[in-house]
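Working notes, structure below.
The values are calculated or read from the model by the stated rules, or taken from the named source; none is laboratory data. A quick note: this is a predicted structure, and the numbers were derived from the prediction, not measured. All Cβ positions, glycine included, derive from the backbone under ideal geometry; neighbour counts span all protein chains shown. Each accessible area value is taken on the protein alone, full model and side chains, heavy atoms only, with ligands, DNA and RNA left out. Shrake-Rupley method; radii C 1.70, N 1.55, O 1.52, S 1.80 Å.
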Amino acid sequence: MKIIIIKNKNDVGIKAAELVINEIKKKPDLVLGLATGRTMIPFYRNLVKLIRRNKIDTNNLVTFNLDEYVGLNERNKGSLRYFMEKNFFSKVNLKKKNINFLNGKARNILRECRKYEKEIMKAGGVDLQILGIGRNGHIGFNESLSSFKSRTRNVLLNKMTRKDNVAFFGSLKKVPQRALTMGIATIMKARRIILLASGKQKAKAVALALKGKINEKIPASILQRHKDVKFILDAGAAENLNQ
Ligand code: GLP
């Protein structure tokens, strides 16, 4: 477990983007697990910048996003697919068939989730997974008390999580109640993991995840058991680490 503490939110994005670029250079057909959320905006902005500046070939890059709201597709501006199109997919050269996303509108949700697990396996597993963290320590949309053995599935969202995402929807009522998410066991299978966190509002969750007891109340605490995980934190998110 490696903890990197840097100044601010933008620098967190720069550092993570640099690490991802190094991995793509080593393996152009890298299988990259991606995340959404405000923390990721500077990350994608800098990743796009570095890809363009260094003329990195992303044509063989394979992506798997962590999650999607149930009932939404890319036409809905609150969907995670929309977020990804806007911040990353539309800005770099990726093959459509290499972009993997959970379909929140799938008729058979169970089948959709099983298919996603199979697609990840078929791609050879995730080489590098990018993660954010929720204020309650969630990763992906694996809320507090999700089983460490969980796989991709349909989950109920906490009120706090829904409230934190109001900005993407305009009102709490419009934030979906449910989402499809890779499970915790799915995430833990990734060969490398980089978790990004910025802002004081994440300090408590970060401290519990990194220094607290490994337990299902704090889903991110399981990362202490991963053999190749880096935490990139800004000063605000790292604030409670030395207490
Ligand atoms: C959502 C996402 C998570 C993300 C979290 C934090 O719930 N499903 O993957 O880590 O929000 O988001 P933010 O960066 O906006 O604080």
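Considering only protein heavy atoms and a 1.4 Å probe, what is the carbon-and-sulfur percentage of the accessible area of region 64-144? Carbon and sulfur atoms account for 47 percent of the accessible area of region 64-144.
Taking label points 7 Å from Cα along the Cα-to-Cβ direction, K105 and A123 give a separation of 2.2 nm. Can you tell me how the chain classifies by the Cα gyration tensor, rounded, prolate or oblate, using a/c under 1.5 as the rounded cut? Rounded, since a/c falls under 1.5.
In region 176-223, which trypsin sites (Lys or Arg not before Pro) fall in coil by DSSP and have 12 or fewer other Cβ atoms within 10 Å? List each step's numbers first, then the result.
Working: sites: R178, K189, R191, R192, K200, K202, K204, K211, K213, K217; in loops: K189, R191, K213, K217.
Answer in residue order: K213.
Please report the relative contact order for the chain, taking Cα pairs under 8 Å with a sequence separation of at least 6, and give it as a percent rounded to a whole number. It rounds to 25 percent for the chain.
Solvent-accessible area per residue in the chain equals 48 Å², computed with a 1.4 angstrom probe and all protein chains kept. Charging the Cβ of each Asp and Glu at -1 and of each Lys and Arg at +1, and nothing else, the dipole of the chain about its Cα centre rounds to 320 debye. Under the membrane-span-like helix rule (DSSP H runs whose alpha carbons stretch at least 24 Å along the helix axis, mean Kyte-Doolittle hydropathy 1.6 or higher), the chain yields none.
Look at the dipole of the chain built from charges on Cβ: of L223, L210, G124, the Cα furthest out on the positive end belongs to G124.
Cross-link pairs exceeding 20 Å between alpha carbons, from the set K149/K189; K105/K202; K27/K86; K7/K55; K9/K77; K49/K163: K105/K202; K27/K86; K7/K55; K9/K77; K49/K163. Dipole magnitude for region 1-72: computed about the Cα centre from +1 point charges on Lys and Arg Cβ and -1 point charges on Asp and Glu Cβ, it is near 440 debye.
Quick check: from the Cα gyration tensor, does region 54-131 come out rounded (a/c under 1.5), prolate or oblate?
Numbers: a/c = 2.23, a/b = 1.24, b/c = 1.80.
Oblate shape, in that a/c is at least 1.5 and b/c is the bigger or equal ratio.
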